[in-house]
Amino acid sequence: IKMPDKETLADAVFNNVFKEKSPGASVLLSRDGKIIYSKGFGYADIGNRVPFTIETKSRVGSITKQFTATAILKLQEEGKLSVNDKLSKFLPDFPRGDEVTIHHLLNHTSGIHSYTSKHDFTKTVNIEVKPEEVIDLFKNDPYDFNPGEKFLYNNSGYFLLGYIVEKVSGQTLDDYLRNTFFKPLGMNNSGIHKSKPVLENEAYGYAYEDGGYVKAVNWDMSRAGGAGALYSTVYDLYLWNEGIFGGKVLNETSLKSAFTPGVLNDGKKVGEEFGGYGYGWFISEDRGLRMISHGGGLEGFNSE
């Protein structure tokens, strides 16, 4: 039997998962800068039977981290900060802030406790807050370990980085990303998600309960900030990918630092148990090829 063409095989995979009346997804693959497959499956809005397409805007969770890290590296290129700067330079009253550097925040080695791991975090996740209120949630928590001792994936660190971008640039994180990256790259369907404005072509998040789909807990993304508040489309993320790897966003030195796992105090590679972690990206190997990647997830949304 002749092997089906690649598109037929891919369609079969996704159509098997995203069936009728199912929450949907969009998928895009490119090679050498050219899109070779892009399709939507299932529904962005089940109740109104709105299909999920490649134009559907969706929250991408921790994929936000590479944008926040890139913003920090861009500000470093402009001489406005250094990854070796101490946290105390930007938040003078942060406990042990003179022991933590931006570098520690970028690669999850600060030891600061992650606020999303607190047992009562989800109780208020749908309520809008100011950045300082989120920082107050964790700033007085005991450190999980001394800075540089271990790698532990940490949303507090990236929330702080988003806050630092705002303080240094004098813009909101949304405006900084839009003006510095999104507009130049033509990413017209990406931004920091806010609860009140109506977005065109926005997907709802769903959960599966008692044999059926229900609307998932709806985060107010002010709770996520630089750690996970971005929404985007697969096409915009394709433009971002081409911009990053095409040298349109950061210089060669910055890119190398982003894609190189750091070193812990004991000399071990940062994130070694996952292959390695640079600045906003996991660096691993798959079948002999280097893989630079990151996922994102929150209630109702999943991305890679």
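The values are calculated or read from the model by the stated rules, or taken from the named source; none is laboratory data. Fair warning: this is a prediction, and the values are worked out from it, not measured in the lab. A quick note on method: Cβ atoms are made from the backbone with ideal geometry, for glycine too, and the neighbour counts reach across all protein chains shown. Note: areas computed on protein heavy atoms with side chains; ligands, DNA, RNA excluded. Shrake-Rupley method; radii C 1.70, N 1.55, O 1.52, S 1.80 Å.
Please work out which residue is farthest from residue 281 (Cα to Cα), limiting yourself to the stretch 117-164 and to residues that are among the aliphatic types (A, V, I, L, M), open to solvent by less than 10 Å² (accessible area, probe 1.4 Å) and under 17 Å from the mean Cα position of the chain (by Cα).
Among those that are among the aliphatic types (A, V, I, L, M), open to solvent by less than 10 Å² (accessible area, probe 1.4 Å) and under 17 Å from the mean Cα position of the chain (by Cα), it is 164.
Among what's in the stretch 95-113 and is out of contact with any strand residue (DSSP E or B) (no Cβ under 9 Å at 6 or more places or on another chain) and open to solvent by 10 Å² or more (accessible area, probe 1.4 Å), pick the residue that is nearest to residue 154 (Cα to Cα).
Among residues in the stretch 95-113 that are out of contact with any strand residue (DSSP E or B) (no Cβ under 9 Å at 6 or more places or on another chain) and open to solvent by 10 Å² or more (accessible area, probe 1.4 Å), the one nearest to residue 154 (Cα to Cα) is 113.
Could you say whether any residue in the stretch 113-125 is without any contact (Cβ under 8 Å) to a residue 60 or more places away in the chain and either small (Gly, Ala, Ser) or closer than 24 Å to residue 254 by Cβ (or both)?
yes
Which of the residues belonging to the stretch 237-258 are buried (at least 17 other Cβ atoms within 10 Å of the Cβ) and among the hydrophobic types (A, V, I, L, M, F, W, C)?
237, 239, 240, 244, 249, 250, 255, 258
All but one of (1) at pLDDT below 95; (2) of a type outside the set (Ser, Thr, Tyr); (3) assigned to a helix (DSSP H, G or I) hold for residue 119; which doesn't?
Here residue 119 clears every test but (3).
Hey, residue 165 hits all of (1) under 30 Å from residue 138 (Cβ atoms); (2) in a loop (DSSP other than H, G, I, E, B); (3) touching a helix residue (DSSP H, G or I) at 6+ places or on another chain (Cβ under 9 Å) but one; which does it fall short on?
(2)
Exactly one of (1) part of a helix (DSSP H, G or I); (2) touching a residue at least 24 places away in the same chain (Cβ under 8 Å) is unmet by residue 108. Its number?
(1)
Given the structure, is residue 227 within 14 Å of the chain's Cα centre (by Cα), farther than 14 Å from residue 182 by Cβ and open to solvent by less than 50 Å² (accessible area, probe 1.4 Å)?
On the way: within 14 Å of the chain's Cα centre (by Cα): yes; farther than 14 Å from residue 182 by Cβ: yes; open to solvent by less than 50 Å² (accessible area, probe 1.4 Å): yes.
The answer is yes for residue 227.
Which of the residues that make up the stretch 7-57 are in contact with a strand residue (DSSP E or B) (Cβ under 8 Å, 6 or more places away or on another chain), free of Cβ contacts under 8 Å to residues at least 60 places away in the same chain, part of a loop (DSSP other than H, G, I, E, B) and open to solvent by 80 Å² or more (accessible area, probe 1.4 Å)?
49
Go over the candidates 244, 283, 292 one by one and state the one that is within 26 Å of residue 172 (Cβ to Cβ), touching a residue at least 12 places away in the same chain (Cβ under 8 Å) and among the β-branched types (Val, Ile, Thr).
Only one candidate qualifies: 244.
Among the residues of the stretch 168-220, how many are farther than 24 Å from residue 90 by Cα, in a strand (DSSP E or B) and open to solvent by less than 70 Å² (accessible area, probe 1.4 Å)?
Here is the first cut: in the stretch 168-220, the ones farther than 24 Å from residue 90 by Cα are 182-191, 193-220.
Of the ones still in play, those that are also in a strand (DSSP E or B) are 191, 202, 206-209, 212-215.
If we keep only those that are open to solvent by less than 70 Å² (accessible area, probe 1.4 Å) as well, we get 191, 202, 206-207, 212, 214.
Matching residues across the stretch 168-220 total 6.
Taking residue 284 as meeting all but one of (1) out of contact with any His (no Cβ under 8 Å at 6 or more places or on another chain); (2) outside any loop (DSSP other than H, G, I, E, B); (3) under 27 Å from residue 191 (Cβ atoms), write down the number of the exception.
Here residue 284 clears every test but (3).
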